[in-house]
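The values are calculated or read from the model by the stated rules, or taken from the named source; none is laboratory data. Bear in mind the structure is a predicted one, so any value in this text is a computation, not a measurement. Note: ideal-geometry Cβ built from the backbone for every residue, glycine included; neighbour counts use all protein chains shown. Just the protein is used for accessible areas: all its heavy atoms, side chains included, with ligands, DNA and RNA removed. Shrake-Rupley method; radii C 1.70, N 1.55, O 1.52, S 1.80 Å.
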Amino acid sequence: MIISDCFVQSYRARHSDFTTAKGDSPLIVQFAASNGEDWANATRLVAPFCDGVDLNCGCPQRWAMAEGYGACLIHKPELVADMVKQTRRMIPDEDFTVSIKIRVHKDNKDTVDFARQMEAAGISFLTVHGRTKDQRSDPVNYEVLADIKNSLRIPVIANGDIKTLDDAVHMQETTGVNAVMAARGLLANPAMYAGYDVTPLNCIKDWVNISLSSGTPFSTFHHHLIYMCEKSFSRAERRYFNVLGSTSGVIDFLQEKFDLQF
């Protein structure tokens, strides 16, 4: 989630917040914004390098909502509709997607009404996390996800509690959505959708090789490996691995632990 106004105003923010590489497609860039001008201008800057943009209307963090970002926007349908229209006018290419990701309201009807307004405003697809902004570990609301899918013509993507391939299949079959999205589940196991219960060694090897060839910053390179390897390490190994401070140190550890060659 990139903050739109900072991205537009600061070269340093653009340099630190958005990097990509040849072949990184399809790629959708998600922004936080509180007005249409900021989101549209940020979109103009990234459009040559991606396939679409998304507006975060689901982040429940207090700092984000205090700034007018994230989940507070689901209670401002007119504002979000205007933001969508401004951004769509900025990039009229029909193949370039403009989407939003939301959380649900306490009343299912309010969420369906909001989704219909966004479809009318011109979004390409809608992603829905099936909890309210105040819910954390509560069950995902499958009913509202199905209601939204049945009410819209555009694709609907469901999010929430997708930790295994079986979870993804159950979500799709129960709600009828066009696709599912996972966050923490895929961080812990990028091969989850291929049916693996834990990250396979080939996946770890692929990530290391991709990172080395594309110049991935160390913090990103290391951070993903911490998630990917968590279930394969003992507690002592996790403590040691998590404080490693160099690419060479990480690679040496992985070679010794898994007998991998990079």
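Here are some notes:
- Only lysine pairs 8 or more places apart or on separate chains count here, and in the chain those with Cα atoms under 26 Å apart total 29.
- With the convex hull drawn over the C-alpha atoms of the stretch 1-149, the volume per residue is 118 Å³.
- Think of a 1.4 Å ball rolled over the protein heavy atoms: the chain then has 53 Å² of accessible area per residue.
- If you bin all the Cα-Cα distances of the stretch 134-196 at 5 Å, starting from zero, the percentages per bin are 4, 19, 27, 23, 17, 8, 2.
- Geometric extent, Cα atoms of the stretch 203-262 - Rg, Dmax (angstrom): 10.5, 31
- Relative contact order computed over the chain (Cα-Cα under 8 Å; 6+ residues apart), in percent: 11 percent
- Square roots of five times the Cα gyration tensor eigenvalues for the stretch 21-106, Å: 23, 14, 11
- Volume in Å³ per residue [convex hull over Cα atoms, computed for the stretch 165-258]: 107 Å³
- Lys/Arg +1, Asp/Glu -1 at C-beta; the chain dipole; positive extreme among A179, P77, F241: F241
- Semi-axis lengths (Å, descending) of the ellipsoid that matches the C-alpha gyration tensor of the stretch 56-131: 21, 14, 11
- Distribution of pairwise C-alpha distances over the stretch 1-46, 5 Å bins, in %: 5, 23, 34, 21, 13, 4, 0
- Restricting the trypsin sites (Lys or Arg not before Pro) of the stretch 1-93 to loop positions (DSSP other than H, G, I, E, B) with no more than 13 neighbouring Cβ atoms within 10 Å leaves K22.
- Stokes-Einstein diffusion for the stretch 163-212 at 20 °C, viscosity 1.002 mPa s, with a Kirkwood radius from C-alpha pairs, works out to 182 µm²/s.
- The chain: angle of helix 108-121 to the longest principal axis, Cα-based, in degrees nearest 10: 80 degrees
- For q = 0.09, 0.13, 0.15 Å⁻¹, Debye-computed log10 I/I(0) when each Cα of the chain counts as one equal scatterer: -0.46, -0.94, -1.18
- Taking only the alpha carbons of the stretch 61-102, we obtain Rg and Dmax values of 12.0, 35 Å in that order.
- Debye log10 I(q)/I(0) for the stretch 80-229, one point scatterer per Cα, at q = 0.17 Å⁻¹: -1.02
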